[in-house]
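Asks: Can you read through this structure? Questions will come right after.
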Amino acid sequence: MSPLVLASVLIVVVIVAVLIFMLSVSGLRNRRTGATGFVQRSALTCPKCHESFEYDWVPGEALTAVRLGKYRYMACPKCRKWAMFDVWDAGVPSPPTGH
Ligand SMILES: [Zn+2]
């Protein structure tokens with residue numbers, strides 16, 4: 001094998017490695033931006049202090065809460081007590097169209 005062939009093989013290997021690295025980085029970035037695109041806003045009422053608050057959450061992800069299906073067990077931002085919240089059914093309806 002001549003040194004020229006060895007050098008070209010090395011260049012191809014480096015290009016492929018860089019491509020794989022770029023793909024993995026962009027994949028992570030896409031996953032992050034895609035997640036923020038699915039943020040849901042729910043108007044929740046705390047069963048402990050009966051205060052209402054808006055809660056932004058991402059379906060399938062629970063960063064600060066325990067995910068139990070459509071329920072979240074999390075701390076109320078008003079009274080800081082932990083309670084079960086039905087985030088799915090409490091979704092803020094989209095604004096009416098045509099008005
Ligand atoms: Zn509360």
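No value in this document is a laboratory result; all are computed from the given coordinates. All values reported here derive from a predicted model rather than from experimental measurement. Cβ atoms come from the backbone with ideal geometry, glycine included; neighbour counts cover every protein chain shown.
Asks: For the stretch 39-86, what is the Kirkwood hydrodynamic radius in Å, using each pair of distinct C-alpha atoms?
Replies: Details: mean 1/r = 0.0932 Å⁻¹.
Every distinct Cα pair counted, the radius reaches 10.7 Å.
Asks: Can you give the extra length, in nm with one decimal, that the chain gains between residue 15 and residue 75 once fully stretched, where that is 0.36 nm per residue apart less the Cα-Cα distance? Intermediate values should be presented prior to the final figure.
Replies: On the way: separation 60, 0.36 × 60 = 21.60 nm, distance 4.86 nm.
Full extension from residue 15 to residue 75 adds 16.7 nm.
Asks: Could you work out the local net charge near residue 79, counting Lys and Arg as +1, Asp and Glu as -1, over the other residues with Cβ closer than 12 Å to its Cβ? If you can, show how the numbers build up before the last one.
Replies: Values: positive: 48, 78, 80, 81; negative: 51.
Spelling it out: positives minus negatives among the neighbours equals +3.
Asks: Can you compute the modelled spin-label distance between residue 88 and residue 39, with each label point 7 Å from Cα toward Cβ, in nm?
Replies: 2.3
Asks: How far apart, in nm, are two points set 7 Å out from the Cα along the Cα-to-Cβ line at residue 22 and at residue 2?
Replies: Those two pseudo-labels are separated by 2.9 nm.
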